[in-house]
Amino acid sequence: MSNQNNKRNSKNVSENIKDTAGAVFHSVHEGLEATENAAMNAVDATANAINNLTNNNKH
């Protein structure tokens, strides 16, 4: 019985490690997407500001 319990416990530990790694990867991926969105919003805001300045100077 002890050997069978050890195998079951090893499988549970392996599954827990796999699940934790998956959760960490998911969290990191969401963080990167949020960073990308913030960066692109900054780029868009800068482009809009430049367009407004250059269009206002044409008149």
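Quick note: the coordinates plus some simple rules give every number you see, no bench work behind them. Fair warning: this is a prediction, and the values are worked out from it, not measured in the lab. Cβ atoms come from the backbone with ideal geometry, glycine included; neighbour counts cover every protein chain shown.
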Would you indicate which of [x] 57, 4, 4; [y] 41, 15, 5; [z] 16, 13, 11 is the value of semi-axes √(5λ) of the Cα gyration tensor in Å derived from the coordinates of this structure?
[x]
Out of ASN3, ALA39, ASN51, whose Cα points farthest toward the positive end of the dipole of the chain (charges: +1 Lys, Arg; -1 Asp, Glu; placed on Cβ)?
ASN3
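Counting helices only, and only those DSSP H runs with n ≥ 4, report the 222 nm mean residue ellipticity of the chain as the sum of -39,500 (n - 2.57) divided by its residues, in deg cm²/dmol to the nearest 500.
On the way: 1 runs with 56 residues, N = 59.
Per the formula, -36000 deg cm²/dmol.
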Nearest 20 debye, what's the magnitude of the dipole of the chain about its Cα centre given +1 on Lys and Arg Cβ and -1 on Asp and Glu Cβ?
320 debye
